[in-house]
Amino acid sequence: MAIAALWSNKLRTALTMLGVIIGITAVIAVTSVGQGVQSQTEANLQGLGADILQVRPGSASSGNVSQGSGSATTLTWDDAQAIGSQVQVAGSVSAYLQQTFQVVYGQNNTSTTILGTDTTYPMVNNLTMQSGRFFTADELTQAQSVVVIGPTLRDELLGVGAEAVGEKIRIQGQRYSVVGVANVKGSQGRQNPDEQAYVPLTNMSARLVGNNALSGIAVQGISVKVSAQDQLEAADFQITNLLRVRHSIYPARGDQDDFQISSAANLVETLSSTVGLFTVMVVAIAGISLVVGGIGIANIMLVSVVERTREIGIRKAIGATNQAILSQFLAEAIAISAAGGFLGVGLGVAIARLAASLFRFPFVVSLWAIGLGVGLSFVIGIVAGVIPARSAAKLDPIVALRSD
């Protein structure tokens, strides 16, 4: 009877369900997308190494305006070597300098990130070789023009699967000999190591970007792989003290550090907190939509009671109890909200699936989110249907029969 009554007013029923559908869809889609993005980003950050500390220069200022973290030239390769030799819990240390350059091979060319680094980079960043080798200590010391390229860069320049070792490519007009091709690592946030190229730090400083430090080779960052993950705090403490001594920084007299230290673990924690807050905010907005949907259901049911007053009178006159009338109208309200809830769950899952496919992050749908969506729809139906159903059940049959 409830379904037949709703079906007889299909457009009104559909519009009544719309608020519930939108609210449940938002709950499912937002929680799914949020968890998928969080999972992908955590995986990317873990790929950077949960046992790695990143040391970056501080921020430079121009006209009392900060240029942002990493804009200063306060770190040098000598700092990296000092950390490697003097910080006890440091396993491997690698300095790097990166910049975007045009890379050319024959008629093919592309713009990509060139990373000037040292021989410990593969150990710190888990870089393995698909073919050839990484550059040697002698090549680093002599600033030779050798390069290791990522597999995607190799495919773009030389062709898919081509033999690259021994070929010559040009970077910023300079000729470099390819000595190795790295294995596939996959995208890591905004950077994709598979599209990068690696040259000796000394060569990049001398021939590509120029040596812009007062002494030594300026670097944009130092990666420190600690001996064990539980040693991150100890490594942070020791590196901070070492760099303060080397840079003549004395906090007691108010000096500020000209470097920053962070880890993937800190980034994961910050990201999880941010995504969690964003999800809560959007779910709260979806909750408002559900409340509006519940009010819509209550309004329509009250209108339905008024429209069907004579029908209620006839039912009560032939013996329908108050409980029977209450059950009938309550069933209609629950049917509307439940149908809206199930449609919202389906639409939310579909949107989450589409988003995961388009933006390439894991498709994650929590059972608790689906349970929450379905449960909320039933609760909304009950709450929104109680008052109209009680109003219908309390009608006096004689008064109801006299209604026009």
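Points to keep in mind about this one:
- Selection count, the range 168-187, where residues are surrounded by 17 or more Cβ atoms within 10 Å (Cβ to Cβ) and touching a Phe, Trp or Tyr at 6+ places or on another chain (Cβ under 8 Å): 5
- So Asp194, is it assigned to a helix (DSSP H, G or I), closer than 26 Å to Val104 by Cβ, touching a residue at least 40 places away in the same chain (Cβ under 8 Å) and in contact with a Ser or Thr (Cβ under 9 Å, 6 or more places away or on another chain): yes
- Among the numbered conditions (1) part of a helix (DSSP H, G or I); (2) of a type outside the set (S, T, N, Q); (3) out of contact with any Gly (no Cβ under 6 Å at 6 or more places or on another chain); (4) modelled with pLDDT of 85 or more, the only one that Ile387 does not meet is (4).
- Matching option when the condition is touching a residue at least 60 places away in the same chain (Cβ under 8 Å), within 30 Å of Thr117 (Cα to Cα) and surrounded by fewer than 16 Cβ atoms within 10 Å (Cβ to Cβ), among Gln229, Gln238: Gln229
- Test set (1) within 30 Å of Ala4 (Cα to Cα); (2) of a type outside the set (S, T, N, Q); (3) in a helix (DSSP H, G or I) - Val245 fails condition number: (1)
- Looking only at the range 96-109, and only at residues there that are of a type outside the set (A, V, I, L, M) and touching a residue at least 60 places away in the same chain (Cβ under 8 Å), the one that is nearest to Gly180 (Cα to Cα): Tyr105
- Residues of the range 175-191 classified as assigned to a loop (DSSP other than H, G, I, E, B) and not charged (D, E, K, R), total: 5
- Options Leu127, Leu158; residue that is touching a residue at least 60 places away in the same chain (Cβ under 8 Å), surrounded by 15 or more Cβ atoms within 10 Å (Cβ to Cβ), out of contact with any Lys or Arg (no Cβ under 6 Å at 6 or more places or on another chain) and among the hydrophobic types (A, V, I, L, M, F, W, C): Leu127
- You will find that of Asp118, Asp138, Asp51, the residue that is modelled with pLDDT of 95 or more, more than 30 Å from Leu372 (Cα to Cα), outside the structural domain of Ser357 (by TED's automatic domain parsing) and buried (at least 18 other Cβ atoms within 10 Å of the Cβ) is Asp118 and no other.
- Matching option when the condition is under 30 Å from Gly341 (Cα atoms) and free of Cβ contacts under 8 Å to residues at least 40 places away in the same chain, among Ser289, Ser273, Ser304: Ser273
- Unique residue being within 26 Å of the chain's Cα centre (by Cα) and either modelled with pLDDT under 90 or charged (D, E, K, R) (or both) when the list is Gly70, Gly63: Gly70
- Residue tally, condition at pLDDT below 90 and touching a strand residue (DSSP E or B) at 6+ places or on another chain (Cβ under 6 Å), over the range 243-264: 2
- Within the range 250-307, the only residue that satisfies the criterion of being touching a Lys or Arg at 6+ places or on another chain (Cβ under 8 Å) and under 30 Å from Leu395 (Cα atoms) is Ile300.
- Filter result for Ser223 (surrounded by 13 or more Cβ atoms within 10 Å (Cβ to Cβ), modelled with pLDDT of 95 or more, part of a strand (DSSP E or B) and of a type in the set (Ser, Thr, Tyr)): no
The values are calculated or read from the model by the stated rules, or taken from the named source; none is laboratory data. All values derive from a computational prediction rather than experimental measurement. Note that we place each Cβ from the backbone using ideal geometry, even for glycine, and neighbour counts take in every protein chain shown.
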